[in-house]
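In what follows, a single structure is set out as structure tokens and then discussed.
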Amino acid sequence: MMMPIWRHLRSSRRVLGFVFVASVIWLLLDMAVLRMSDGDANSRLMREKVILEQGLARHQDKVTQVGLGEPHVNEEDEKSDRRNSQPVKLSRRRKKEQVQDDASQVKPNAVVQDDASQVKPNAVVQDDASQVKPNAVVQDDASQVKPNAVVKQPVGLSLIAAPKNDSVVLKAEEVLEPVKATPNISLQASNQHQDAKKLPGKKKKQIEELPVQGPRNTSSVKRDKQNGEILDNNIKVVQVRDTHSVKASVHQVLSIDLTAAPRDPKAVGQYGLAGTVPSLMDSVVKKRWNEGQFNVYLSELIPLDRALPDTRPEICTRNMIHDDLPSTSVIFCFVDEVWSTLLRSVHSVLNRSPPHLLKEIILVDDFSKKPYLKDNLDKYMEKFPKVRVIHLKERQGLIRARMAGAAVANGDVLTFLDSHVECNVGWLEPLLERIHTDRTKVPCPVIEVISDQDLSYKLVDNFQRGIFHWPLVFGWNALSDEYVKKNNMTPADPIRCPVMAGGLFSIDKKYFYELGAYDPGLEVWGGENMELSFKVWMCGGQIEIIPCSRVGHIFREQNPYQFPLNRRRTVERNLARVAEVWMDEYKELFYGHGNLHLLEKPLMDIGNLTDQIQQRNKLKCKSFKWYLDNVYPELEAPLVKAAGLVFNRGLRSCLSIQNGVLVFDTCHLSSQSQHFNYTWLKQVRQQDVCLEPSAKQSLLTLQPCGDGSSSNSHKPQRWLHKSSQSKLPEHLMVEMGPKQMCLEAAAKEAVLHLAPCNANNLFQQWQFTNYYSE
Ligand code: LR7
Ligand code: MN
């Protein structure tokens, strides 16, 4: 009985042995096929990653020589490159040491590397995206883009690998304040950051100017001499150190950069250096400036795939990333964007994103007028199957244009970018990693500066966060040294931001829709960054800047496109919608800081807000007070400008309401009937009643307080007091028709009336007990 089983087992063993040997051969063959495969960059990437991991797992130091491939070659070259290439392509930019500024070496007249001429004049794909929001008419659905379109798949993919660290264990860490990116890593921050010269940032503009969001404090990036030497030898020497016990589900951040070995190292603007234009071209530069409100002429001289200095804090290159990150759709919306900058933006994504994470790039043309953004663009992009172009049939403004892009996106995550950016090495994974950790996180890259003048790429100061000043004006603010020290922060740790800049961020697609996306009532430009930030924070999410993700953006002094209505009014109206929906009683601070005119409804109709308010209630979002207390406690936000007793200097007694009548009384701090507030809407009020001049005589009455708008005839309740605009700051001044009148205590009868303003009259001078704001 036992024998047959034993024999059977023996033969099974043989079978097993055979199976094992066959598997090994199969595996080897498989690897060979994988290596031979000239398939997409994705499999190449995976292959190289596998090899990289194998190489790293050998527990011994070794030196690998790496040839630098060209970033863009044709298919034949690509194959031969593969045949000849070293099995492991590792490179590591020696960016930190021996930094040398040799911008002077850049040839001013380098050839423009725009290869649009090579584009095959192929069919233009047209379809309509039925999912797009009501008004956003979409013409083009690139999901139908021909799969066999010619793709110039760049080779020379190089994984910029840093030594792995044994002690690294990726933790699904939760956000405490401050956020620690990689809690178990303690490595030195990049010298480049520490050494970089700090250039004085441009001064913040006044709130009232409603500026295009301003430039940032930057340090100029200098040319990497080491990199230049490497290029000369065409060889890179990379130290690969010991590593083991890295969890199977994570890998070291991929630092893909197909531009790492540029074809023309001397090209204008190469490595993010400043470009120069011969002075005889000044007039052309000037003439073409208005096309984009930056140096459009120079931009055309710079390669579309120029290399950039890797500006990440060095520690970032050691970060561990989950293997199963969500994929993303990158959405660029644009109106009349300059050709070279739009294409440079797209190429920077294609060249520096892990292909398996980049589901697609969606270009939303917001009804541009420039002809080159129509067929030419479609044809150019046919070469890149991942790129889809959507032409809106009407101008929607950037907010609804983004929603049109989101509506047709197939990725798990939406990544929005402005259309004049350059994504830097390793930019994408750290963003997606944060969402993978927690889908309610909304990560933003560090936004670095591409100069509007010379298009140089400048890194910005560390530890900057996005904030706002009244009345909802975006700004940057550095975390204090004490804060950084106290919390033991490294330059790679995520930074919690009260608000985002607006243009560059990733968000889980489902979460974006759960939040109700953007308010579609926001027009053209502005305010949507506040809206999304408040919505995210108050409804349970978080906005963060991820220092290991860096993207350059051309900061401009003016918008280069038309606003269908006046720019200022458009932005004010958008902000008023945001304030009305999200800011509760604090909206008065928004109006009070120079926006009282927005309350005058006949002049400014901010539209219907029912859906937005319903959405907020549905999500049971927290109050604006909670937001201020927990997210942005540094903001000065007193609910009233002044409060307490209202003391008359002449009469030396205090205003009081007794039996519904205004009288004077001996001042008593404890007397509630003597307590008044001076509000942001300029009302002098006690509970719900407000001081208001009677229509006919110059006497005073108490009236229910209005909402501050003139439409319900409560404009007379506005009193000017302690105003910088007033020459009589101690007075309480009110507009009576064309003239201003002042509140005066009649000396004898101790009653109130209005009188022509008189600077020296003490009976017209008033003092509240406490002032919270000038
Ligand atoms: O009607 C329009 N339709 C569009 O498609 C108007 C604009 N756009 C496009 C435009 O082509 C561009 O790609 O929208 C994008 C943003 O417009 P910009 O570049 O004129 O804006 P900005 O960089 O001056 O402004 C910042 O604030 C805006 C407020 O609405 C947006 O949020 C921008 O995305 C945002 N940009 C950034 O956050 C980059 C860093 C700036 C800072 C600080
Ligand atoms: Mn922009």
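We did not get these values from a lab; they are worked out from the coordinates using the rules stated. From a predicted model like this one, the values you see are computed outputs, not experimental measurements. As a convention, Cβ positions derive from the backbone with ideal geometry for all residues, glycine included, and neighbour counts pool all protein chains shown.
Structure note, pairs Lys587/Lys618; Lys369/Lys535; Lys625/Lys727; Lys359/Lys383; Lys682/Lys739: Cα-Cα distances above 27 angstrom occur for Lys369/Lys535; Lys625/Lys727. The dipole here belongs to the stretch 344-481: it is taken about the Cα centre, uses +1 on the Cβ of Lys and Arg and -1 on the Cβ of Asp and Glu, and is about 500 debye. Here's how it looks for Lys458: its modeled amide H is under 5 Å from those of Val449, Ile450, Ser451, which are all 5 or more places away or on a different chain.
Two numbers describe the Cα atoms of the stretch 298-446: Rg and Dmax, which are 15.5, 46 Å.
Ranked for footprinting exposure by Cβ neighbours inside 10 Å, fewest first, Trp537, Trp427 give Trp537, Trp427.
Reported to the nearest whole Å, the Cα centre-to-centre distance from the stretch 695-774 to the stretch 271-326 is 56. Peptide packing for 637-649, 562-574 was compared via the average number of neighbouring C-beta atoms within 10 Å per residue; ordered from the highest value, the list is 637-649, 562-574. The string of couplings for the stretch 633-638 from the Karplus curve (6.51, -1.76, 1.60, θ = phi - 60°) is x, 6, 6, 7, 9, x Hz, one whole number per residue in order, with x for Gly and Pro. The simple spin-label model puts a point 7 Å past each Cα toward its Cβ; for Val663 and Asp324 those points are separated by 7.7 nm. Backbone amide hydrogens, once placed in the peptide plane, bring Ala307 within less than 5 Å of Tyr271, Gly272, excluding anything fewer than 5 places away on its chain.
The residues Lys383, Lys727, when put in order of fewest to most other Cβ atoms within 10 Å, stand as Lys727, Lys383.
Phi angles of the stretch 750-766 translate, via the Karplus equation with coefficients 6.51, -1.76, 1.60 and θ = phi - 60°, into HN-Hα couplings of 6, 10, 9, 8, 9, 9, x, 5, 9, 4, 8, 6, 4, 6, 9, 10, 10 Hz per residue; Gly and Pro are given as x. Distances longer than 18 Å among the Cα atoms of the stretch 643-774: what percent of all pairs is that? Cα-Cα pairs of the stretch 643-774 separated by over 18 Å account for 50 percent.
Derived scalar couplings between HN and Hα for the stretch 317-324 equal 5, 9, 4, 9, 10, 5, 6, 9 Hz in order, rounded to whole Hz, by the Karplus curve 6.51 cos²θ - 1.76 cosθ + 1.60 (θ = phi - 60°), x for Gly and Pro. Once backbone amide H atoms are built at 1.01 Å from N, Gly466 has Val499 as its partners under 5 Å, excluding neighbours fewer than 5 places away on the same chain.
Here is the P(r) of the stretch 357-514: all C-alpha pair distances, binned every 5 Å from 0, give 1, 7, 14, 17, 19, 18, 12, 7, 3, 2, 1, 0 in whole percents. Compared with the direct C-alpha span, the chain from Glu585 to Ser480 gains 34.8 nm at full extension, assuming 0.36 nm per residue.
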